[in-house]
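A short worksheet on the structure shown next.
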Amino acid sequence: MTIVIGFEGSANKIGVGIIKDGVVLSNPRRTYITPPGQGFLPRDTAKHHQACVLDVTSEALDLAGIKPQEIDCIAYTKGPGMGAPLVCVAIVARTLSQLWKKPLLGINHCIGHIEMGRLITGAINPTVLYVSGGNTQVIAYSERRYRIFGETIDIAVGNCLDRFARVLKISNDPSPGFNIEQMAKREAAHRMLATGDCTPEDLCFSLQETVFAMLVETTERAMAHCGSEEVLIVGGVGCNLRLQEMMAAMCEARGAKIFATDERFCIDNGAMIAQAGWEMFRAGHVTALEDSWITQRYRTDEVEVTCGS
Ligand code: MG
């Protein structure tokens, strides 16, 4: 039996999750929500995380019914992400590691998303579409690494949606992407009325259809290249039901299977870091205290993926 606690705070969510051998015992999270028209800045986001990280940690332990002594390893997000929020979480992980006398493990955030998606859906060897506020990558596993087959090099799709929402002053609560999705649905319902005017709902609809079509096409090309019959969608934008629907249509046409999760596991959370940590810890990895730094840039294919027995 191996119990891992995971700390995530690379962007505007602070999450702490506890995993025991493939079972999510707890996964509380808080989101830093800014007013419409405003993004989240690193310094303010770090202050938010500092203010609630201890409460979220206590909540994770209480919900799981776990005492610190029972934990085998403390996993934290090493990167990629925003500097100040990452530092905040790494300091908490380092401090608890010394207080509780438990080993540390620095985790690649992107690998956390993939491993959580695999755990929840049971996908075995999928082509992965990882689409979030910080990253948009099409990934497949080959020879001990998750290889990147395609990615946006200008802006992540989630960031594109966030910025679009800021221009239109769409609410950031619970997230800009969620509100764009709801507005796009209203457009789809009203389209038949054909009033002739272009509404914010029209723009939301068009943006989603255009951007998601590009993602589905690129994913299909990677599947054809790899001979893959599974797609796994992870990352915050991955819980968008329209994206899942478009991907499902492509998969159906190819005779492939689609795997996706809901907002609990798609959006940044502590359990995904705990799960990647669980796998790495079981494979014999730990991070020495003096190596427990963070990095804003940390690519998915930098990590050697090894399997424990
Ligand atoms: Mg993420």
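The values are calculated or read from the model by the stated rules, or taken from the named source; none is laboratory data. Worth saying up front: this structure is predicted, and the values here are computed from it rather than measured. For neighbour counting, all protein chains shown are included, and Cβ atoms are generated from backbone atoms with ideal geometry for every residue, glycine included. We work out accessible area using only protein heavy atoms, side chains counted, and drop any ligands, DNA or RNA first. Shrake-Rupley method; radii C 1.70, N 1.55, O 1.52, S 1.80 Å.
Among residues of the range 143-166 that are among the basic types (Lys, Arg), those with a beta-carbon under 8 Å from a residue that is open to solvent by 80 Å² or more (accessible area, probe 1.4 Å) at least six positions away or on a different chain give the pairs 144/304; 145/304; 147/141; 166/38.
Which members of the range 245-264 meet the condition of being crowded, with 20+ Cβ neighbours inside 10 Å and under 30 Å from residue 25 (Cα atoms)? Answer for the range 245-264, where residues must be crowded, with 20+ Cβ neighbours inside 10 Å and under 30 Å from residue 25 (Cα atoms): 258, 259, 260, 261.
The set of residues from the range 164-175 being crowded, with 24+ Cβ neighbours inside 10 Å and part of a helix (DSSP H, G or I) comprises just one member, 165. Being away from the ligand (no atom under 16 Å from the Cβ) and more than 17 Å from residue 273 (Cα to Cα) is a condition met by at least one residue of the range 14-33. State whether one or more residues within the range 257-279 are over 21 Å from the mean Cα position of the chain (by Cα), basic (Lys, Arg) and either assigned to a helix (DSSP H, G or I) or at pLDDT below 95 (or both). Within the range 257-279 (the criterion being over 21 Å from the mean Cα position of the chain (by Cα), basic (Lys, Arg) and either assigned to a helix (DSSP H, G or I) or at pLDDT below 95 (or both)), the answer is no, since none of the residues qualifies. In the range 223-240, of all residues being under 21 Å from the mean Cα position of the chain (by Cα) and closer than 13 Å to residue 125 by Cβ, the one that is most open to solvent (accessible area, probe 1.4 Å) corresponds to 230.
Pull up the range 112-152, narrow it to residues that are more than 16 Å from the ligand (Cβ to nearest atom) and assigned to a loop (DSSP other than H, G, I, E, B), then point me to the one that is most open to solvent (accessible area, probe 1.4 Å). Within the range 112-152, the match that is most open to solvent (accessible area, probe 1.4 Å) is 143. When the strands (runs of 3 or more DSSP E) confined to the range 1-108 are screened for residues that are of a type in the set (Lys, Arg) and surrounded by 18 or more Cβ atoms within 10 Å (Cβ to Cβ), those reaching at least 2 such residues are found at 13-20, 29-31.
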